[in-house]
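*Asks:* Can you keep this structure in mind? I'll have questions shortly.
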Amino acid sequence: MSDTENPYEIAYTRERQARLKAEQLLEDKSRELYLKNQKLAESYKKLQQQQAVAMQNEKLATLGTLSAGVAHEINNPLAFVLSNLESLPIYKQALLRLLELNQKYLNDPGIPEIYRKEIADLIEKEDLDFIGEDMHGLIDDTIEGIQRVKEIVLNLRSFARTQGSDRIEADLCAGINSTLKLLTSELKTGVTLKLDLQPLPGVVCNPNQLNQVFLNLIMNAKQAVEGRANPTITIKTSCEDGAVRIRIADNGCGMPPEVQKEIFVPFYTTKPIGQGTGMGLAIAYGIIQDHGGKISVKSAVDQGTVFVIRLPLSGQTEGAETGIAEEVSD
């Protein structure tokens, strides 16, 4: 070592170089981490957008499946509304003619018997006694038909419209009933529907999103019982341990364990190509998870399937997961 070399100065230089190298490495890693976070944030945003699009597409696909049935349900009340309205003008003319005769003859104290007979003949010819009785029923049927059309349209619009993430306190039993009304034409062809809807406390939620979950699960149950003996779908609600519980069961074809493991995976479907998007249960899972709840499934081949939804009442988190719900039998 030369006399001019200072060991302390050499150590300091080495330490300074090592520190600068470490600082540069830290800065490089920080910059790399920042860029990765930016990309991750962008990817997450795109994923959210894709999820929203997928949910809306699933709604549109479901609406397409329901459109024929909904059209049939609307046409039924419209048919008797139009029929009644076609009869009312005929009845109206008969009544107006009677009124004219009444005004012409009945106010005259010296009405000859022949005129009284004319009025009696008109009443008999036009069957005014029957018209008086039937008109009340026609009007009641017409009002009921219009109300049914209004209810169908409101249920359809409520299901189809896109809403934000705003949440309100909602009655889930009312949501289930609203969804069932939308599915009337799908379920009335030989499917026995058993309801045990116990009153539930209000749940802060997005009711339209939960109606989407109910619809997806009920439609799956309906498809599972097709071709089965005594096809039955059972829906039960209860409240326990600070959570509401919705149980949707069927006695359909059931699922083997390997299918149960995949049913909540996006785009997974056992249906033929073109008959299913594979997004219905994935969307249901995401919605329940977003509400802090849990959805679980229990199924056995040729015995049926049970889905159980649990949703917390007051800010608690159930934690969405797949798992054993309960035995298939009631």
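No lab work stands behind these numbers, since they all come straight from the coordinates. Values in this document were obtained by computation on a predicted structure and should not be read as measured data. Cβ atoms come from the backbone with ideal geometry, glycine included; neighbour counts cover every protein chain shown.
*Asks:* Listed highest first by mean packing, meaning other Cβ atoms within 10 Å per residue, what order do 283-291, 34-42, 219-227 come in?
*Replies:* Ranking, from highest mean packing down: 283-291, 219-227, 34-42.
*Asks:* Considering only DSSP beta bridges with both partners in segment 178-259, what is the antiparallel share in %, to the nearest 5?
*Replies:* The antiparallel proportion sits near 55 percent.
*Asks:* To continue, here is another question. Given segment 108-248, what whole percent of its Cα pairs are spread farther than 17 Å?
*Replies:* Percentage above 17 Å: 72.
*Asks:* Okay, next question. Which entries in Lys92/Lys181; Lys45/Lys222; Lys46/Lys222; Lys92/Lys117; Lys188/Lys294 show an alpha-carbon gap greater than 27 Å?
*Replies:* From Lys92/Lys181; Lys45/Lys222; Lys46/Lys222; Lys92/Lys117; Lys188/Lys294, over 27 Å: Lys92/Lys181; Lys45/Lys222; Lys46/Lys222; Lys188/Lys294.
*Asks:* What is the packing order of peptides 196-203, 8-15, taking the mean over residues of other C-beta atoms within 10 Å and listing the highest first?
*Replies:* For the peptides 196-203, 8-15, the packing ranking is 196-203, 8-15.
*Asks:* Give a residue-ordered list of calculated ³J(HN,Hα) values for segment 119-136 (Karplus: 6.51 cos²θ - 1.76 cosθ + 1.60, θ = phi - 60°; whole Hz; x for Gly, Pro).
*Replies:* Coupling constants for segment 119-136: 5, 4, 5, 5, 4, 6, 5, 8, 6, 5, 4, 5, 4, x, 6, 6, 4, 4 Hz.
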